[in-house]
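Structure first, commentary second.
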Amino acid sequence: MRRPQSTRSSSKMAFIACALTYTSRRISPITTATAFSLTAFTPRTVTSTRQFFRTSTSTSCSSSITSLKAATLDKDTLQNSLGVTHPSFDILSKDVVDEFGAYCTHYRHKKSGAELLSVSVDDDNKVFGITFRTPPADSTGVPHILEHSVLCGSRKYKTKDPFVQLLQGSLQTFLNAFTYPDRTCYVVASQNTKDFYNLINVYTDAVFHPRAVSDPNVHAQEGWHLELEKLEDPLVYKGVVYNEMKGVYSSPDSLMGRESQRSLFPDNTYSVDSGGDPRVIPELSFEDFKAFHEKFYHPANARIYFSGDDDVLTRLEMMDEYLSDFGPSPESKPGSVVQWQKKVYDEPKWIKEPYPSGADQPETHMVNINWLLNDEPMTATEELTMEVLDHLMMGTQASIMRKTLMESGLGSAITGGGVMSELLQATFSVGLKGVEKENVKKVESLVMDTLKKVAGEGFSEDAIAASMSTIEFQMREFNT
């Protein structure tokens, strides 16, 4: 997609692996050293998240603004929302999340197998999202290209770019789509009920019945094609996603993140780039593009989400109109399962890769130390403990890992960012950029020594309490 940075709020709205990576400015061969892994980049001279998002000027701030209004749904009305039934849906479970005032019902569509989470809350900022699990098998960028392409017209909405028209002409408070390494999400929000339903209709028709699967020109436009501006010029590759990913692959930070992830997940879908590698994107044929949609964009592989103060029965009726076009697909969900990556390192492994750099830029390197934290599901207590520990080590300027690295003088800025838990398995990454060649190994030693100090000395009760209070406050922000 087009790419603003991810935030906690946008992740919330959308629904709710050891390796060292080292980058230097000369092209070096990959070397292995084998417990955690170190990826080394050497910059090469050039002449000129990862999630991928559509560029949007919209924000999701309206929900926090409207939270100051007087309540419009009383507790009885919210409680009654748990009992709403529809002949096309089975109720799988019900729950009330008191901290958020959220009354939740989990449905499954009888004919198609689609699952739907309906959340009733006293908030007029109404949210709809539909997510498909889309693990790619290669780096052609097919999930990313498809995410662009489905929003280029559909069975009911013939216009070539309804996404742009919705941005310009609707009352949306949020309008976007996201390509992750293992899933693709489509999200809309509005405070106006009629506008909200219109947004839902456009997005739902787009994902299930896109013009892109019958028109190869959409794949060529959004993915890749060859252009010739002058007869004497060579043919060149162009395409919306192709050009976007050329920009991503010119960023040392993006390449560092990609190589770090690949080093931790050598055996599953996270080893390839869902956004697309510009060197590989032209290998994607229209037939493979179409087959990817047929395989993964079935309702049985979808998770649908509603929240807000709109009518629950209307939600179900709208979805039934689209879901009833599909029969059961028992192979869809098993076919999209992401395999767990086993911990494969029993000693550190160095991986060295080049990154692009201008001729006038300093001969410095990037070093990232990465760990795969789990190869089986964590308990809720383990997940919370991991988050508190991450905040103690990396959360503030005074946190021990961040402070030690920045005061070491070995580099110019922190890389990695600590714990990442967006994928099936959590990772921990930390390091420095702007590192002189003779200091590369020192960064690794400093990180390891700091971790040993933490393990030996622990943290004070006051520091732990402060981190827990900060995390609690962040969680409570979702309830304001």
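Summary of values
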quantity: Protein accessible area in region 279-320, 1.4 Å probe - carbon and sulfur %; calculated: 47
quantity: Per residue, in Å², the accessible surface of region 125-234 once ligands and nucleic acids are set aside, probe 1.4 Å; calculated: 36
quantity: For region 58-200, convex hull volume per residue from C-alpha positions, Å³; calculated: 154
quantity: Principal axis dimensions, region 329-480 - Cα atoms, whole angstrom, descending; calculated: 55, 46, 36
quantity: Rg/Rh (Cα only; Kirkwood hydrodynamic radius) as it applies to region 232-374; calculated: 1.08
quantity: Cα-based Kirkwood hydrodynamic radius, region 119-215, one decimal, Å; calculated: 14.0
quantity: Heavy-atom accessible surface of region 421-469: percent carbon and sulfur, 1.4 Å; calculated: 52
quantity: Heavy-atom accessible area per residue - region 261-330, 1.4 Å, Å²; calculated: 37
quantity: Rounded to the nearest 20 debye, dipole of region 90-154 from Cβ charges on Lys, Arg, Asp, Glu; calculated: 440
quantity: With all protein chains modelled, accessible area of Thr450 [1.4 Å, Å²]; calculated: 10
quantity: Rounded, prolate or oblate (a/c below 1.5 giving rounded, otherwise prolate when a/b exceeds b/c) for region 223-297 by Cα gyration tensor; calculated: oblate
quantity: Largest-first principal axis extents of the Cα set of region 129-273 (Å); calculated: 46, 46, 26
quantity: Prolate/oblate/rounded call for region 366-428, Cα gyration tensor, a/c under 1.5 rounded; calculated: oblate
quantity: With DNA, RNA and ligands ignored, accessible area of Trp350 (1.4 Å probe; Å², nearest 10); calculated: 20
quantity: Inter-site label distance for Ser469 and Asp74 at 7 Å from Cα along Cβ, in nm; calculated: 3.9
quantity: Percent accessible area from carbon and sulfur atoms, region 346-387, protein chains only, probe 1.4 Å; calculated: 50
quantity: Heavy atoms of Leu235 accessible to a 1.4 Å probe, total area in Å² rounded to 10; calculated: 110
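The values are calculated or read from the model by the stated rules, or taken from the named source; none is laboratory data. All figures in this text were calculated on a predicted structure; none of them were measured in a lab. As a convention, Cβ positions derive from the backbone with ideal geometry for all residues, glycine included, and neighbour counts pool all protein chains shown. Ligands, DNA and RNA are excluded from the accessible area calculation, which covers all protein heavy atoms including side chains. Shrake-Rupley method; radii C 1.70, N 1.55, O 1.52, S 1.80 Å.
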